[in-house]
Amino acid sequence: MTLDWRVGVHAVMVEDDLVLLDEAADAYVCLLDGAKVVSVRADGALRFDPPHAVDDLIEGGLVEHRQTGAAPAKAPPAPQARLARPGHIAVRPSEALLFLDQAWRVARAVRRWPMARLLATLRAERAAPPGQGRRSLAEACAVFDTLLAWSPFDGECLFRSVLRRRFLMALGHRPDFVIGVRTWPFRAHCWLQSGPNALDDWPERLCAYRPILTASAGGPP
């Protein structure tokens, strides 16, 4: 038997502090100086020193016993650049209708759904197959940027990133959805990436955050 984070609990070390994201509770937990008591073995299992340091985490439902340790999740590469956009691009009527439909759906989901349901939906989504006249990723992002200014809904990074991801996937692209955290002060932020390219933020801003969760898109390449 090995110790591992409960399914739905994600962890990242930010300097010496351990930050946890509990999907079911829709909450973050920060263990100050967590690096002094917990480490991750090569097989993904957790090691606590002293051993009794895990008792409170087990009681709180954050850590559980498993037959085998889970493989460590692969973090995305650090964003190196913001994907460049073309200077001017015309929006197609079908793209405007798609945007409005998705904006309504995403606004409702972000406001009403618990985090666990939203993340499960993101993981289950599949990109549309490539079609004739498919736009490049840069062109699709430029179209989205134009339409976002006319959005009937407003929201923080979660709304904008989920909406952009659905729009891009409907056009046949597969961006990764990333949640990152920082401490002192604690903040959580989300963004989209395609390889080392940030799609909706600037690397100079994102370098302050450590990725704690990544939802990769499926479907045709």
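The values are calculated or read from the model by the stated rules, or taken from the named source; none is laboratory data. Here the structure is a predicted model, which is why all the values come from computation and not from measurement. Please note: Cβ atoms are built from the backbone with ideal geometry, for glycine as well, and neighbour counts cover all protein chains shown. Only protein heavy atoms, including side chains, enter the accessible area calculation; ligands, DNA and RNA are left aside. Shrake-Rupley method; radii C 1.70, N 1.55, O 1.52, S 1.80 Å.
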Seminar exercise, completed: Checked region 132-171 for anything within 18 Å of the chain's Cα centre (by Cα), surrounded by fewer than 16 Cβ atoms within 10 Å (Cβ to Cβ) and either of a type outside the set (D, E, K, R) or within 24 Å of R92 (Cβ to Cβ) (or both); matches are C157
Problem set entry | Looking only at region 64-90, and only at residues there that are open to solvent by less than 60 Å² (accessible area, probe 1.4 Å) and under 30 Å from D145 (Cα atoms), the one that is modelled with the lowest pLDDT | P76
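When you go through R123, R105 one by one, which is the residue that is within 30 Å of T183 (Cα to Cα), part of a helix (DSSP H, G or I), open to solvent by 50 Å² or more (accessible area, probe 1.4 Å) and of a type outside the set (A, V, I, L, M, F, W, C)?
Numbers: R105 fails: within 30 Å of T183 (Cα to Cα).
None of the others qualify; the one that does is R123.
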Exercise. Has region 30-43 got any residue that is in a strand (DSSP E or B) and closer than 16 Å to F186 by Cα?
Worked result: yes
Exercise. If you check every pair at least six apart or on different chains, which have Cβ atoms under 8 Å apart with a residue in region 172-194 that is surrounded by fewer than 18 Cβ atoms within 10 Å (Cβ to Cβ) first and a residue that is part of a loop (DSSP other than H, G, I, E, B) and acidic (D, E) second?
Worked result: T183/E15
Problem set entry | Yes/no for R117 being open to solvent by 70 Å² or more (accessible area, probe 1.4 Å), charged (D, E, K, R) and more than 27 Å from G195 (Cβ to Cβ) | yes
Exercise. Are any of the residues in region 20-32 open to solvent by less than 60 Å² (accessible area, probe 1.4 Å) and modelled with pLDDT under 90?
Worked result: no
For this session: Would you point out which residue out of L137, L158 is touching a residue at least 12 places away in the same chain (Cβ under 8 Å) and out of contact with any Ser or Thr (no Cβ under 8 Å at 6 or more places or on another chain)?
Result: L158
For this session: Would you please name the residue that is farthest from T183 (Cα to Cα), looking only at residues in region 44-64 that are touching a helix residue (DSSP H, G or I) at 6+ places or on another chain (Cβ under 9 Å) and in a strand (DSSP E or B)?
Result: E64
Exercise. Has region 96-117 got at least one residue that is over 25 Å from D201 (Cβ atoms) and of a type in the set (A, V, I, L, M)?
Worked result: yes
